[in-house]
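Below you'll find the structure, written out as structure tokens, and then a few comments.
Bear in mind that the values in this text are calculations on the coordinates, not laboratory data. Just so it is clear, the model here is predicted, and its values are computed rather than measured. Here Cβ is always computed from backbone atoms with ideal geometry, including for glycine, and neighbour counts include all displayed protein chains.
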Amino acid sequence: MAQEKVELLKGTLDMLILKIVAAGPLHGYAISQRIQQISRDFFQVPQGSLYPALHRLEEQDWLEAQWKDTSTGREAKFYTLTRKGHKQLETEVSNWERLSDAVALILRTAE
């Protein structure tokens, strides 16, 4: 049976990126690989979604970027969480937990 593609709720990708980058500086490709790896291949973030999200998070001052050499010797933008980004991540996680709890309540309701 083919696995259906699951669409991320608006803002979820931002939260996942912030969470992954909170562990330490990473470049874009490594961020998408970590999301895919940790979610056991459930989330596969296409470049067309990842890089606009990284740019948006940088514009909002939640991430900052610095050009550095990768392990392969190529240069890439490495992203780190700013103080504002840490606060935003806490807010996002709290909102996600409330949303998740509310959805769970509805799903557990007997018909």
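Using the Cβ atoms and a cut-off under 12 Å, what net charge is assigned to the surroundings of TRP62, where Lys and Arg are +1 and Asp and Glu are -1? Before the final figure, lay out each step's value.
On the way: positive: LYS19, ARG56, ARG83, LYS84, LYS87; negative: ASP14, GLU58, GLU59, ASP61, GLU64, GLU90, GLU92.
Here the charged neighbours net out to -2.
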Given H placed 1.01 Å from N in the peptide plane, which residues other than close sequence neighbours of LEU63 have an amide H under 5 Å from its amide H? GLU58, THR82
Given (i) 143; (ii) 130; (iii) 106 as candidate values of volume of the Cα convex hull per residue in Å³, which corresponds to the one derived from the coordinates? (ii)
Expected vector for segment 31-45, Karplus 3J(HN,Hα) from phi with 6.51, -1.76, 1.60 and θ = phi - 60°, integer Hz, x for Gly and Pro, equals 5, 5, 5, 5, 4, 5, 5, 5, 7, 6, 6, 5, 9, 10, 8
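Report the trypsin sites (Lys or Arg not before Pro) located in segment 5-111 that are in a DSSP loop and have at most 14 other Cβ atoms inside 10 Å of their Cβ, or state none. Let's see the in-between values first.
Details: sites: LYS5, LYS10, LYS19, ARG34, ARG40, ARG56, LYS68, ARG74, LYS77, ARG83, LYS84, LYS87, ARG98, ARG108; in loops: LYS5, LYS10, ARG40, ARG74.
Qualifying residues, ordered by number: LYS5, LYS10, ARG40, ARG74.
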Rounded to the nearest 10, the angle in degrees between the Cα long axis of helix 83-108 and the longest principal axis of the Cα atoms of the chain comes to 20 degrees
Compute the long axis of helix 12-22 from its Cα atoms, compare it with the longest principal axis of the Cα atoms of the chain, and write down the angle in degrees, 0 to 90, nearest 10. 50 degrees
Name the long-range amide H neighbours of PHE78: under 5 Å, sequence gap of 5 or more, or other chain; modelled H, no Pro or chain starts. GLN66, TRP67, LYS68
